[in-house]
Amino acid sequence: VQLQASGGGLVQAGGSLRLSCAASGRTFRSIDVGWFRQAPGKEREFVAAMPRRGDRPKYAVSVMGRFTISRDNAKDTWYLQMNRLKPEDTAVYYCAAKANSADLSQGLNYDYWGQGTELTVFS
């Protein structure tokens, strides 16, 4: 599976942005999809994920209520809508996908990764 992330940029605190990740090379409906991020000097962390069934999305506590993950099976694409952005959301965001049924929130369980898209939130 090849993943192409896009949509990062420079946003003022309180603003919104939507990230996209397009997949190719495998039946989209057969994979779980997720977003992770890595801030400067920090380890990669889980942000959000959605299982292949499209139900029960999972979110990190830090983004719950502000971020929404969604997927469009017809376009082989998933999204991360980010609202009420904070400076601490500044990071490189990576989309990821997996075909196994292991925990959605663990990066080690993901088989495929996009190249990352950078988000900077300024106050």
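The values are calculated or read from the model by the stated rules, or taken from the named source; none is laboratory data. The structure displayed is predicted, hence computed values, not measured ones. Note that we place each Cβ from the backbone using ideal geometry, even for glycine, and neighbour counts take in every protein chain shown. Protein only, heavy atoms only, side chains kept; ligands, DNA and RNA dropped before computing areas. Shrake-Rupley method; radii C 1.70, N 1.55, O 1.52, S 1.80 Å.
General observations
- Out of every Cα-Cα pair that the chain contains, those further apart than 16 angstrom amount to 56 percent.
- FRET E, pair Lys75, Ser123, Förster distance 25 Å, beta-carbon r, rounded to 0.05: 0.15
- Of the solvent-accessible surface of the stretch 3-123, computed with a 1.4 Å probe over protein heavy atoms with every protein chain present, carbon and sulfur atoms account for 47 percent.
- With at most 10 neighbouring Cβ atoms within 10 Å, loop trypsin sites (Lys or Arg not before Pro) (DSSP) excluded, longest segment of the chain: 54-123
- Cut-off 10 Å between beta-carbons: net charge of the residues surrounding Ala60, Lys and Arg +1, Asp and Glu -1: +1
- Virtual spin-label span in nm between Ala39 and Ser101, 7 Å along Cα→Cβ: 3.6 nm
- Candidates Asp103, Asp32, Asp55, ranked by Gaussian network fluctuation over the chain, Cα under 10 Å, top entry: Asp55
- In the chain, Cα pairs under 8 Å separated by at least six residues give a relative contact order of 36 percent.
- Solvent-accessible area per residue in the chain equals 51 Å², computed with a 1.4 angstrom probe and all protein chains kept.
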